[in-house]
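Here the structure is laid out as structure tokens; the discussion comes afterwards.
The values are calculated or read from the model by the stated rules, or taken from the named source; none is laboratory data. Keep in mind that what you see is a predicted model, and the values were worked out from it rather than measured. When we count neighbours, we look across all protein chains shown, and the Cβ atoms used for this are built from the backbone with ideal geometry, even at glycine. Keep in mind that these areas ignore ligands, DNA and RNA; they rest on the heavy atoms of the full protein, side chains included. Shrake-Rupley method; radii C 1.70, N 1.55, O 1.52, S 1.80 Å.
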Amino acid sequence: MGFFDTVAAVSTPRGFGGIAVIRISGDKAVEIAERMFVPFEKKLSDVEANRAVYGKIYLSETDGKKREIDDGLAVVFRAPHSFTGEDTVEISCHGGVLITDTVLRAAFAAGAKAAGAGEFTRRAFVNGKLALTEAEALSSLLTAATDDQLKLARAGASGTLSRGISKIYEDLLSVSTAIRAKIDFPDEDLSELSDEDIERGIKTALKDAKKLEATYKTGRAVAIGIPTVICGRTNAGKSSLYNRLVGDDAAIVTDIAGTTRDIISETVSFGGVTLKLFDTAGLRETDDKVERIGVERAKDAIRKAELIIAVFDGSAELGEDDLNSISEIENSGAAVVAVINKSDLGQHRDTDKIKKKFKNTVVLSTATGEGIDSLSEKIRSLYFDGEIDLSCDAVVTNERQHAALVLTSDHLRSAQEALELSVPVDAVCSDIERAMSALAGIDGREVGEDIVASVFSKFCVGK
Ligand code: GDP
């Protein structure tokens, strides 16, 4: 399939539904749709743009005969006023799997090619309807599972990040233009920017890039999620906490030690942070073969975790198993929140040792729910800086964007150093242009085909 082909795909999910939508996009969209969709009143090519018309849908059989296959609505969108920026026809038919497949087959028989994964959005990007960051946000919008993910994706899709990137890019463009003018016409005072302005321009761009880069801590915590392990000795209340966070009885809770043997996991939004939560077997020495495998898996999960919620029974003395889990946790390098559980039973004096050992501690009772809010605030404070508003601030949400911003900052720091060392200005200019190129890759104004292909391969067909 070439870029100039007219393509078609089903844009609604596969399955049974009231309706399904087949989207046809490209130069020949109307011509192709006209061969398979006949409105009752006038020819499809004469129908006003953006208006739904009712008609019959036909499949051209191989013998040349046309067979009526369904009836439905068609909407014609004229370039550039469509999602893809091309002529587009959307046909809504009845939502059965076979009907939908047959209508799509009718589009192919009428001359459309099959659209690839993310093909419509890729065309929207190539036609300048969307920045790459907006296309990525659109993809996140479809898969959002928490309110905060939705907020973030909506803001991204409306261009918050691409505007943030654009601002830095434009600022750097005026700095590099000024430097180029100085290089090309050293004797004429063509540049509107003084040396101090140039220095300040680089400094501001670096500050802005670093600020955007820092939003990834929150963006990642919301959009991608933090692998989080609940661990501790048996009967500390790990499964009870897991159930509190997940919101149902996913994990078995008993006072029989060693009940949780395998790792169970669930993704939840807690304190606005998306936690990929793992409940693990209690860490203890055991002769039970199956439980021992569970303990090994728990240790492995601890090593891979980014956040550990270490649960202690605050009503009891710290035992050998607690101390062993503390050393296991200390070796992991993850962020740790120590939960001193069972506050409803009073606190043993050993809880002071836990408070001394861990920077982040929360006293709570999974039985009564008291203190759960403090845990939520504590976890939020680890990933939110307080000033971020997910609905309107520019936030970096994936590794591709983050890596490019790190590169931008690196080049800007080199430019700054070069300036301080009085290196010839063309070297400074090269660093600035490299920074601009890294930025341009983020919103896609300048980006390699491999990156574009990789971004859109994550989309589904029909998007
Ligand atoms: P795990 O082995 O660490 O997963 O611990 P469980 O969640 O299975 O809990 C072990 C026992 O402690 C169960 O009998 C729970 O009902 C009890 N338990 C858990 N949390 C609390 C709490 O906050 N207060 C009280 N009183 N009991 C709790």
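Structure data summary
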{"quantity": "Segment R67-S158, extension gain: residue separation times 0.36 nm, minus the distance between their alpha carbons", "calculated": "28.5 nm"}
{"quantity": "Straight-distance crosslink candidates among lysines, where the alpha carbon sits under 18 Å from K210 and sequence neighbours closer than 8 are dropped", "calculated": "K167"}
{"quantity": "Karplus-derived 3J(HN,Hα), 6.51/-1.76/1.60, for each residue of segment 441-451, Hz, glycine and proline x", "calculated": "x, 5, 8, x, 5, 9, 8, x, 4, 5, 5"}
{"quantity": "Exposed chymotrypsin sites (Phe, Trp or Tyr not before Pro) absent - longest run of the chain, DSSP non-H/G/I/E/B, at most 14 other C-beta within 10 Å", "calculated": "41-463"}
{"quantity": "Cα pair distances in the chain, grouped into 20 Å bins until the bin that holds the longest one, percent each", "calculated": "21, 35, 33, 11, 0"}
{"quantity": "Area of E449 that stays accessible when all protein chains are in place (1.4 Å probe, Å², to 10)", "calculated": "120 Å²"}
{"quantity": "A338 long-range amide H proximity, modeled H, under 5 Å", "calculated": "A310, N360, T361, V362"}
{"quantity": "Qualifying GluC sites (Glu not before Pro) in segment 1-88, DSSP loop, other Cβ atoms within 10 Å at most 16", "calculated": "E41, E48, E61"}
{"quantity": "Integer Hz, Karplus 6.51/-1.76/1.60 couplings in order for segment 235-244, x for Gly and Pro", "calculated": "6, 6, x, 4, 5, 5, 5, 4, 5, 4"}
{"quantity": "Descending Cα extents along the principal axes, segment 338-454, whole Å", "calculated": "70, 38, 25"}
{"quantity": "Estimated distance in nm for a label pair at R380 and F4, the labels positioned 7 Å out from Cα along Cα-to-Cβ", "calculated": "5.5 nm"}
{"quantity": "In order through segment 300-314: 3J(HN,Hα) via Karplus (6.51 cos²θ - 1.76 cosθ + 1.60), integer Hz, x for Gly, Pro", "calculated": "5, 4, 4, 5, 8, 6, 9, 10, 10, 9, 8, 9, 10, 7, x"}
{"quantity": "Added length on full extension, which subtracts the Cα-Cα distance from 0.36 nm per residue, D352 to E41", "calculated": "103.8 nm"}
{"quantity": "Low-density loop cleavage sites - GluC sites (Glu not before Pro) in segment 339-440, where at most 15 other Cβ are within 10 Å (DSSP)", "calculated": "E370, E387"}
{"quantity": "Where only alpha carbons of segment 261-404 are counted, the Rg and the Dmax (Å)", "calculated": "17.0, 55"}
{"quantity": "In segment 1-32, the trypsin sites (Lys or Arg not before Pro) that fall in loop regions by DSSP, at most 16 other Cβ within 10 Å", "calculated": "R14"}
{"quantity": "Gain in span if fully extended, N360 to E387, counting 0.36 nm per residue against the direct Cα distance", "calculated": "7.6 nm"}
{"quantity": "Candidate lysines - alpha carbon under 30 Å from K299, same-chain residues fewer than 8 apart omitted", "calculated": "K217, K238, K276, K289, K342, K353, K355, K356, K357, K359, K378"}
{"quantity": "0 to 90° range, to nearest 10: angle between helix 372-383 axis and the chain longest Cα axis", "calculated": "60 degrees"}
{"quantity": "Protein-only accessible surface order, largest first, of S162, S430 at 1.4 Å", "calculated": "S430, S162"}
